[in-house]
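**Student:** Structure in structure tokens, see below.
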Amino acid sequence: MDLTPYVDNLRQELSVAADAGGDDARALAERLTAPLESAARLTLLNALSAAMGEVTRELAPGSVDVRLRGLDPEFVVTAPPAPEPFREERGPVAAPAALPAPPPPGDADDGAVARINFRLPAHLKARAEAAAAAEGLSVNAWLVRAVSTALDGGERASPAGRGKDSGGRGFTGWVR
């Protein structure tokens, strides 16, 4: 977006206003227009940035960012992802072990919600979708419950013999 026409318009309006004050005012206005150009550009950039912040809040999870390229701002629009249509799986689907029930709403701190971008391999996404569908939850609700369980140290129900060593003690961890 070229800000030059807007800055030039402001310069012209200042000149018109100074003409009413006589020669001294006109000379002062001419001396002030050069330093005011950078201030006017900065003010316009601040206004555009604030406006795009409001647009982003309304567009979430999409966004509009303002980037400075040279002297002029550039807008970068990130559209929200298109919702995936629900596909019912044909045949039996082996669902992973069920997670424990989510904590009651009273355990939530203030109810504020934060958004993150989460990338996972396609085969894990398919398994998460199947597990969520098997429990009648959205993928988001299922993932929130999985993260909450993992962070609270909750244990998942495991099939007999899995997750236990020969002494009957449980073990957990990550393996590469």
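**Student:** Just need the relative contact order of the range 26-74 here, percent rounded to a whole number, with Cα pairs under 8 Å and 6+ apart.
**Tutor:** Reported relative contact order: 22 percent.
**Student:** In whole Hz and in residue order, list the ³J(HN,Hα) couplings for the range 114-131 that follow from phi through the Karplus curve 6.51 cos²θ - 1.76 cosθ + 1.60, θ = phi - 60°; x for Gly and Pro.
**Tutor:** Working through the residues one at a time gives 10, 10, 9, 8, 10, 10, 9, x, 4, 5, 6, 4, 4, 5, 5, 4, 5, 5 Hz.
None of the figures in this text is laboratory data; all of them are computed from the coordinates on show. What you see is a predicted model; the values in this text were computed from it and never measured.
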